[in-house]
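Below is one structure; the comments refer to it alone.
The values are calculated or read from the model by the stated rules, or taken from the named source; none is laboratory data. Note that the structure is a prediction, hence the values are computed from the model and not measured. Cβ placement follows ideal geometry from the backbone for every residue including glycine, while neighbour counts extend to all protein chains displayed. We work out accessible area using only protein heavy atoms, side chains counted, and drop any ligands, DNA or RNA first. Shrake-Rupley method; radii C 1.70, N 1.55, O 1.52, S 1.80 Å.
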Amino acid sequence: MGPKTEGSIDLTGGPVWHARALWRRVHLWKPFRKNVENFLASWPVHSRELLLIGPSAGWCLPEKFLRGFSIVHAMDPDPFAAVLFRLNHPRARIGAWQRADFFVEGDAFLNRHPGAAVLFCNVLGQRRYVNRDIESVENEMRQIKLRLRGRDWASFHDLLSGFGEASSEIKVLKSALDQATLLSSLDLSGEWLDHLTGNVFARSQTRQIIPWRFAPGRVHLVEAGYVNA
Ligand SMILES: C[S@@+](CC[C@H](N)C(=O)[O-])C[C@H]1O[C@@H](n2cnc3c(N)ncnc32)[C@H](O)[C@@H]1O
């Protein structure tokens with residue numbers, strides 16, 4: 001899911017992503033999808049209105065979770081996402097679908113739905129492909145919790161990715177772990193891409209690490225956590 005050219009938002013979704021997801025989600029991604037489903041089922045969310053940020057076609061989102069909301073709104077710049085999402089989740093009650101960039105139009109979207117819970121759907125770890133300024137991305141990630149203050153929100157996002165094999169077992173962390181310790185605790189080594197999402201959650205927050213076998217020999221360590229208002 002790496003970038004093809006610099007700085008374009010459609011690098012993180014689009015036809016290549018959909019073709020891969022259609023193919024891989026049935027077998028290769030099945031354990032990851034199950035772990036995401038369990039994570040979302042464990043989120044004690046109070047609002048009945050949900051905003052999805054970067055849901056794509058919801059290839060890894062469980063319909064049962066979506067059906068728990070009386071209305072689900074979404075923001076994703078991918079022109080194919082809305083129609084494919086409706087095909088994948090015919091029973092979800094979908095409201096507004098905005099084709100836009102959260103880092104440009106996100107605050108207006110949030111303000112239009114002041115009581116809604118928010119789920120970042122494996123999107124924050126893609127930001128570094130679009131904004132090449134590392135410090136600025138790290139700052140954007142730190143700001144997320146401030147922008148979402150007063151709401152129930154959750155995110156699952158790439159933390160690290162690289163070559164290797166990992167078991168599909170999740171790892172629950174009571175607080176943030178430095179990357180080297182995390183990798184060695186999973187018996188992983190070598191060069192890993194830092195997705196700059198290490199400060200999305202407060203360091204003292206409980207989170208889980210979901211190893212995602214993205215392709216044979218390629219692993220993404222996905223960090224998942226929630227914050228309740
Ligand atoms: C990895 S895919 C998400 C996959 C999704 N969890 C699923 O189940 O299919 C990332 C999605 O985030 C979207 N995206 C990337 N940057 C975004 C941004 N700044 N604001 C909103 N959506 C964004 C992309 O268009 C893409 O659809």
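See the values below:
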| quantity | calculated |
| --- | --- |
| Candidates ALA74, ALA82, filtered to the one that is touching a strand residue (DSSP E or B) at 6+ places or on another chain (Cβ under 8 Å), under 18 Å from VAL123 (Cβ atoms) and not in a helix (DSSP H, G or I) | ALA74 |
| In the range 29-57, residue farthest from ARG151 (Cα to Cα) [restricted to those that are within 14 Å of the ligand (Cβ to nearest atom) and either open to solvent by 20 Å² or more (accessible area, probe 1.4 Å) or free of Cβ contacts under 8 Å to residues at least 40 places away in the same chain (or both)] | LYS30 |
| Count of residues meeting criterion [at negative phi and either charged (D, E, K, R) or crowded, with 18+ Cβ neighbours inside 10 Å (or both)] in the range 187-210 | 13 |
| Candidates ARG132, ARG128 - the one that is within 12 Å of the ligand (Cβ to nearest atom), open to solvent by 30 Å² or more (accessible area, probe 1.4 Å) and more than 23 Å from VAL45 (Cβ to Cβ) | ARG128 |
| Among residues of the range 85-107, those that are farther than 20 Å from ARG127 by Cα and within 9 Å of the ligand (Cβ to nearest atom), counted | 2 |
| Filtered residues of the range 37-69 (kept if outside any strand (DSSP E or B), among the hydrophobic types (A, V, I, L, M, F, W, C) and in contact with a strand residue (DSSP E or B) (Cβ under 6 Å, 6 or more places away or on another chain)) | PHE39, TRP43, VAL45, LEU66, PHE69 |
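To keep it simple, each residue is scored yes or no on (1) assigned to a loop (DSSP other than H, G, I, E, B); (2) among the polar types (S, T, N, Q).
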site	(1), (2)
VAL172	no, no
SER175	yes, yes
GLY225	no, no
ALA229	yes, no
